[in-house]
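For reference, the structure is listed below as structure tokens.
Please treat every number below as a calculation from the coordinates, not as lab data. Treat the numbers as computed from the prediction; the structure is a model and nothing was measured. Glycine gets a Cβ as well: all are built from the backbone with ideal geometry, and neighbour counts include every protein chain shown.
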Amino acid sequence: MPDGEIFCILFPVTNTATEEKLMTREQPNNPLHGLTLEKILTQLVDHYGWTILACEIDINCFKNDPSIKSSLKFLRKTDWARAKVEKLYISTFS
């Protein structure tokens, strides 16, 4: 190795147990912390099915030709509908 030159070896960084504990401590009272909207919606659909979900939350994307993709698109744009989905998730799984 020539004098004055520094060589670095980079290793991929993964979440350690300590980092995961810190991430959970950041929002200890938030039951949705770490969950994506897609995961929330998928679990609700698996639990209730589209028909009952549409009865619980009266929005068209759950009634007319429902799909995860189209529902996510609507929920990401519509705060009130997303809030209802999150509230149902918390009351169902908490």
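Give me the base-10 log of I(q)/I(0) for the stretch 32-93 at each q in 0.25 Å⁻¹, Debye formula, one uniform scatterer per Cα, rounded to two decimals. So the normalised log intensities are -1.13.
Net charge of the neighbourhood of ILE52, taken over other residues with C-beta under 13 Å away and scored Lys/Arg +1, Asp/Glu -1, is -2.
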